[in-house]
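Single-structure report; data block below.
The values are calculated or read from the model by the stated rules, or taken from the named source; none is laboratory data. Bear in mind the structure is a predicted one, so any value in this text is a computation, not a measurement. No Cβ is skipped: glycine too gets one built from the backbone with ideal geometry, and neighbour counts run over all protein chains shown.
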Amino acid sequence: MTVFRPAEVEDADRIAELHADSWQRFYRGAYADSFLDGDVVANRREVWSARLASPAGSATVVAEQDDLLVGFVHVIFDADPKWGSLVDNLHVRHDQRGSGLGRRLLCLAAEAVGSRPLYLWVLEQNVAAQGFYRAYGGISVETAPVSPPGGDPTRLNGSPLMLRMVWPEADQAIR
């Protein structure tokens, strides 16, 4: 049985490890191998420790099965005056893909936002994720350059792009 609960500061390490694993699997080509095979876990640990220590204006929900972290979603409320709240991260353990867990996490994010706008960024190369978001009503509206993790341009390969996927009303994501 999957349990969904608000993330706590103590979850930072487990979230960072799942986040890093997801990047290592799906961001190759866009992110430098030296980063993905090197300090990606430390980078994600730093990010998640800070986010969970000071969560004002955001919410993070974790999904657990038998005390194993199997997914999480992080929403920044009212991140953009036009596009609304940002799903800044939604990641599911590789062996849980296709289980409905990603859909449930997206639904929890949408429920937290209500009928207001919701958006996220997805790497252009991550076609599977784009298909997932489109299946739940996400609309691609623009592309932009990927920001390098930690502001370090050596962590990117070239100039990868990301797509903004939007839901004009967040509850559209759960239909």
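Condition check ((1) aliphatic (A, V, I, L, M); (2) surrounded by fewer than 21 Cβ atoms within 10 Å (Cβ to Cβ); (3) in contact with a Phe, Trp or Tyr (Cβ under 7 Å, 6 or more places away or on another chain); (4) modelled with pLDDT under 95) across all residues:
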site: A63; (1), (2), (3), (4): yes, no, yes, no
site: L69; (1), (2), (3), (4): yes, yes, no, no
site: V73; (1), (2), (3), (4): yes, no, no, no
site: I76; (1), (2), (3), (4): yes, yes, no, no
site: L86; (1), (2), (3), (4): yes, no, yes, no
site: V92; (1), (2), (3), (4): yes, no, no, no
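If I ask for residues that are surrounded by 12 or more Cβ atoms within 10 Å (Cβ to Cβ), touching a Gly at 6+ places or on another chain (Cβ under 9 Å) and within 18 Å of P117 (Cα to Cα), which ones from the range 137-175 would you list?
Within the range 137-175, M165, V166, W167, P168, E169, A170, D171, Q172, A173, I174 qualify.
Could you go through the range 143-165 and let me know if any residue there is among the hydroxyl-bearing types (S, T, Y), assigned to a strand (DSSP E or B) and either closer than 22 Å to A20 by Cβ or touching a residue at least 24 places away in the same chain (Cβ under 8 Å) (or both).
Among the residues of the range 143-165, not one is among the hydroxyl-bearing types (S, T, Y), assigned to a strand (DSSP E or B) and either closer than 22 Å to A20 by Cβ or touching a residue at least 24 places away in the same chain (Cβ under 8 Å) (or both), which makes the answer no.
Is it the case that some residue within the range 12-27 is free of Cβ contacts under 8 Å to residues at least 24 places away in the same chain and surrounded by 15 or more Cβ atoms within 10 Å (Cβ to Cβ)?
yes
Could you list, in sequence order, the residues of the range 104-130 that are closer than 21 Å to Y27 by Cα and surrounded by 12 or more Cβ atoms within 10 Å (Cβ to Cβ)?
L105, L106, Y119, L120, W121, V122, L123, E124, Q125, N126, A129, Q130
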